[in-house]
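**Q** Got a structure for you, questions after.
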Amino acid sequence: MSELPERVTIYEVGPRDGLQNEDGIVPVEAKAEFIQRLLAAGLPVVEATSFVHPKWVPQLADAGELLERLGETGKDLPVLVPNERGLDRALELGCRHIAIFGSATETFAQRNLNRSLDEQFAMFEPTVTRARDAGLDVRAYVSMCFGDPWEGVVPIPQVVEVGKRLFDLGASQLSLGDTIGVGTAGHVRDLLAAFNAAGLSNDALAVHFHDTYGQALANAYAALQHGITTFDASAGGLGGCPYAESATGNLATEDLVWMLHGLGIDTGVDLGSLVATSRWMADVLGRPSPSRVVQALAGG
Ligand code: HMG
Ligand code: MG
């Protein structure tokens, strides 16, 4: 086993990836409280919302109002931005971190972005250039890194080509998304090695696992052993993607924290406060959290 890091960064996506997939729309006051509680629990990065088309994701149509409520705090939280229109909205509100989100497959590019695989770059390129010129930090996501519900297993060279192209637009980090949660540990290792061989160091990479097939924590461990130190996760295991059939919740932040702390790895997160937050959000949503650690520590 290779040396494990002393500390990792958890990139919390619950308010965005989690709440974008809820049937109901969570009131903006509850979203703001959720984010504040996550920050108070010690999560270093909390992705707040998305500046996407409100008809495409009505759950996050209140993005502007949410950020206004959060004031100065909100400006430091990353937000998803697909295009220049989204960037304009983020700039008006003083956002300092944005994330673009590309697809490794043709079908998901069409379904999620209404663009072909190639056309997505024409949308992202001016967005990233303008964001960087304005001094913003840009994260890039690449989705469907392991399998795609319409196209099946996605070849590693295809994922690396798209991911590197997105990163090279000017991103500081590339997050590798297992959007539908089909990846397994050996595939994770091979994909990370292929990105390393293409010139992206582990510091430039993050992993973003969904737990559809119960593999998210095992995959996170494989990535940890490989040397990855940024992990996306969602409080209480909320999440999914409204445009990806069969995508379920993300890796639960609590489950990840339990494993990391058990390994003696520092996260800065207070697990008790985090569990209380997910328990509270489960009440807001009216259903129990799927996280095993939340269930064990808080009775669901
Ligand atoms: P489109 O319909 O092709 O947009 O959607 P368009 O460029 O043709 O513009 C049409 C109209 O929409 C125009 O208005 C634009 O101004 C407006 P009109 O002139 O007709 O009045 N418009 C906007 N309005 C507000 N905000 C905007 C915006 N853009 C255009 N940003 C678009 C293209 C990309 C906008 C659309 O497909 C979209 O919003 N997609 C977002 C889908 C989404 O959010 N999916 C979930 C996030 S991705 C994910 O969850 C995966 C991830 O977690 C990683 C993983 O798990 O793999 C990140
Ligand atoms: Mg996701």
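The values are calculated or read from the model by the stated rules, or taken from the named source; none is laboratory data. Given the structure is predicted, the values throughout are model-derived calculations rather than measurements. In this analysis, Cβ positions are derived from the backbone assuming ideal geometry, glycine residues included, and neighbour counts consider all displayed protein chains. Just the protein is used for accessible areas: all its heavy atoms, side chains included, with ligands, DNA and RNA removed. Shrake-Rupley method; radii C 1.70, N 1.55, O 1.52, S 1.80 Å.
**Q** Report, in whole Å, the centroid distance computed from the Cα atoms of the stretch 13-77 and the stretch 136-193.
**A** Going from one Cα centre to the other spans 24 Å.
**Q** Contact order normalised by length for the stretch 164-291, with contacts defined as Cα pairs under 8 Å and 6 or more residues apart; what percent is it? Walk me through the numbers before you get to the answer.
**A** On the way: 199 pairs, mean separation 28.8, N = 128.
For the stretch 164-291, the relative contact order is 22 percent.
**Q** Let a ≥ b ≥ c be the square roots of the eigenvalues of the Cα gyration tensor of the stretch 58-193; is it rounded (a/c under 1.5), or, if not, prolate (a/b larger than b/c) or oblate?
**A** Details: a/c = 1.88, a/b = 1.81, b/c = 1.04.
Cα axes put the stretch 58-193 in the prolate bin.
**Q** In the neighborhood of GLU106, defined by Cβ-to-Cβ distances under 15 Å, what is the net charge if each Lys or Arg adds +1 and each Asp or Glu adds -1? Intermediate values should be presented prior to the final figure.
**A** Details: positive: ARG111, ARG115, ARG165; negative: ASP118, GLU119, ASP148, GLU151, GLU161.
Summing Lys/Arg as +1 and Asp/Glu as -1 gives -2.
**Q** Dipole of the chain, Cα-centred, from +1 at each Lys and Arg C-beta and -1 at each Asp and Glu C-beta, to the nearest 20 debye?
**A** On the way: 21 positive and 38 negative charges, 15 e Å.
Result for the chain is approximately 80 debye, rounded to the nearest 20.
**Q** In the stretch 154-300, with Lys and Arg counted as +1 and Asp and Glu as -1 at Cβ, which of these residues, LEU166, ILE228, ALA216, has the Cα nearest the positive end of the dipole, that is, farthest along it?
**A** The one lying farthest along the dipole's positive direction is ALA216.
**Q** Hey, another quick one. Express in Å², to the nearest 10, the accessible area of TYR11 obtained by rolling a 1.4 Å probe over the protein heavy atoms while all chains stay in place.
**A** Approximately 10 Å² of TYR11 is accessible to the 1.4 Å probe.
**Q** While we're looking at this one, here's another question. Quick one: dipole size for the stretch 29-164, taken about the Cα centre, charges +1 on Lys/Arg Cβ and -1 on Asp/Glu Cβ, in debye to the nearest 20.
**A** On the way: 14 positive and 20 negative charges, 24 e Å.
I would put it at about 120 debye.
**Q** Below 13 angstrom from the Cβ of LEU66, what's the summed charge of the other residues (Lys, Arg +1; Asp, Glu -1)?
**A** Values: positive: ARG16, LYS31, ARG69, LYS75, ARG89; negative: GLU29, GLU33, GLU47, ASP62, GLU65, GLU68.
Counting the neighbours of LEU66, the net charge comes to -1.
**Q** Report, for the chain, the % of DSSP beta bridges that are antiparallel, rounded to 5. Walk me through the numbers before you get to the answer.
**A** Working: 3 of 33 bridges.
Given both bridge residues lie in the chain, the antiparallel proportion sits at roughly 10 percent.
**Q** Summing -39500 (n - 2.57) over the DSSP H runs of n ≥ 4 in the chain and dividing by its residue number, what mean residue ellipticity at 222 nm do you reach, to the nearest 500 deg cm²/dmol? Working shown, then result.
**A** On the way: 11 runs with 127 residues, N = 300.
Rounded to the nearest 500, it is -13000 deg cm²/dmol.
**Q** Continuing with this model, one more query. How would the chain be classified by its alpha-carbon gyration tensor: rounded, prolate or oblate, with rounded meaning a/c under 1.5 and the a/b versus b/c comparison settling the rest?
**A** On the way: a/c = 1.40, a/b = 1.06, b/c = 1.32.
Rounded.
**Q** Also: Which of the lysines could be linked to LYS31 by a straight reach, that is with a Cα gap under 18 Å, when you skip same-chain ones fewer than 8 residues away?
**A** Within reach: LYS75.
**Q** Note down the net charge around VAL45, summing +1 for each Lys or Arg and -1 for each Asp or Glu among other residues with Cβ under 10 Å from its Cβ. Don't jump to the answer; show the numbers that get you there.
**A** Details: positive: ARG139; negative: GLU12, GLU47, ASP76, ASP232.
Around VAL45, the surrounding residues sum to -3.
**Q** Starting from the Cα gyration tensor of the stretch 114-237, take the square roots of the eigenvalues, sort them a ≥ b ≥ c, and report rounded, prolate or oblate (rounded when a/c is under 1.5, otherwise prolate if a/b is larger than b/c, else oblate). Mind showing how you got there, number by number?
**A** Numbers: a/c = 1.66, a/b = 1.42, b/c = 1.17.
Prolate shape, in that a/c is at least 1.5 and a/b is the bigger ratio.
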